[in-house]
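The values are calculated or read from the model by the stated rules, or taken from the named source; none is laboratory data. Every value quoted in this text rests on a predicted model; they were computed, and no experiment measured them. In this analysis, Cβ positions are derived from the backbone assuming ideal geometry, glycine residues included, and neighbour counts consider all displayed protein chains.
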Amino acid sequence: MSYSIAIDGPAGAGKSTIAKKVSKQLNYIYVDTGAMYRAMALYLIHSQVDPQDTEAIAGACQYADISIEYRDGEQVVLLNGENVNAHLRTEEVGNMASVVSAVPEVRTKLVELQQALAKKADVVMDGRDIGTVVLPGADVKVYLTASSRTRAQRRFLELQQKGVEADLDQIEKDIIERDYRDMNREHSPLRQAEDAVLVDSSDMTIDEVVERIIGLWREGCGCR
């Protein structure tokens with residue numbers, strides 16, 4: 001029987017960082033939903049589908065089988081059984097992924113694939129609607145957030161470390177606007193599932209957040 005952990009929350013809350021650390025500690029599969037969208041984009045590029053033809057995209061995406069597994073300690077994205085890790089980070093694939101992610105049929109197909117993956121393996125999945133739409137029956141649900149100022153400061157420091165000039169107030173303004181869009185979009189808006197545990201990481205370290213989620217996992221599965 002597989003076990004699933006769903007981590008949702010707004011942009012900049014640290015979901016992916018936390019999810020990867022939790023999955024590594026538990027030896028679960030971290031389901032990189034963004035990589036799955038890129039794999040779908042790669043499939044559509046190989047199928048020579050016009051990115052402007054949403055009807056063709058909607059039809060072609062049904063024939064893509066995308067999964068994730070670990071091989072020799074590396075997370076491998078499989079597209080129709082083939083390891084496509086080496087092809088997912090090109091600009092062409094990124095641009096196509098941005099286009100196809102807006103097509104409802106693509107989203108529906110990927111949710112089906114993500115649900116199928118969670119049925120056969122222990123997974124940690126993060127996003128905006130994992131606990132509400134993708135894995136409503138997840139064993140542990142976490143809504144990970146932090147104040148808009150905290151999230152802006154984290155992003156500001158990231159950019160500084162990369163030598164990129166940035167305006168902290170503008171970053172916070174952008175984050176607040178993105179929160180509004182995510183919470184008010186038509187399809188799968190960002191919201192806390194009724195049975196999700198709220199974890200505010202504003203005054204917590206990464207390790208403290210990871211330990212909090214591991215604690216919820218221990219409570220849920222009776223593990224010690």
(request) Identify, by number, the condition in (1) touching a residue at least 40 places away in the same chain (Cβ under 8 Å); (2) more than 14 Å from residue 10 (Cα to Cα) that residue 194 doesn't meet. (result) (1)
(request) Kindly indicate which of 38, 89 is within 19 Å of the chain's Cα centre (by Cα), among the charged types (D, E, K, R) and assigned to a loop (DSSP other than H, G, I, E, B). (result) 89
(message) Can you tell me which of (1) in contact with a helix residue (DSSP H, G or I) (Cβ under 8 Å, 6 or more places away or on another chain); (2) assigned to a helix (DSSP H, G or I); (3) at pLDDT below 95; (4) not β-branched (Val, Ile, Thr) is the one residue 51 doesn't meet?
(response) (2)
(request) Being among the hydrophobic types (A, V, I, L, M, F, W, C), under 22 Å from residue 116 (Cα atoms) and out of contact with any strand residue (DSSP E or B) (no Cβ under 7 Å at 6 or more places or on another chain) is the filter here, so list the residues in the stretch 69-98 that pass it. (result) 97
(message) Looking at the stretch 8-34 only, could you name the residues that are of a type in the set (Gly, Ala, Ser), in a helix (DSSP H, G or I) and surrounded by fewer than 19 Cβ atoms within 10 Å (Cβ to Cβ)?
(response) 16, 34
(request) Would you mind telling me which numbered condition in (1) free of Cβ contacts under 8 Å to residues at least 60 places away in the same chain; (2) under 15 Å from residue 188 (Cα atoms); (3) touching a Lys or Arg at 6+ places or on another chain (Cβ under 6 Å) residue 103 fails? (result) (3)
(request) Return the residue satisfying two criteria in turn: it lies in the stretch 160-178 and is surrounded by 14 or more Cβ atoms within 10 Å (Cβ to Cβ) and out of contact with any helix residue (DSSP H, G or I) (no Cβ under 7 Å at 6 or more places or on another chain), and of such residues it is modelled with the highest pLDDT. (result) 174
(request) Could you tell me whether the stretch 117-135 includes any residue that is surrounded by 18 or more Cβ atoms within 10 Å (Cβ to Cβ), over 17 Å from the mean Cα position of the chain (by Cα) and not aromatic (Phe, Trp, Tyr)? (result) no
(request) Being of a type outside the set (A, V, I, L, M, F, W, C), touching a Pro at 6+ places or on another chain (Cβ under 9 Å) and not in a strand (DSSP E or B) narrows it down to one of 178, 155, so name that one. (result) 178
(request) Kindly check whether there is at least one residue in the stretch 176-189 that is over 19 Å from the mean Cα position of the chain (by Cα) and of a type in the set (Asp, Glu). (result) yes
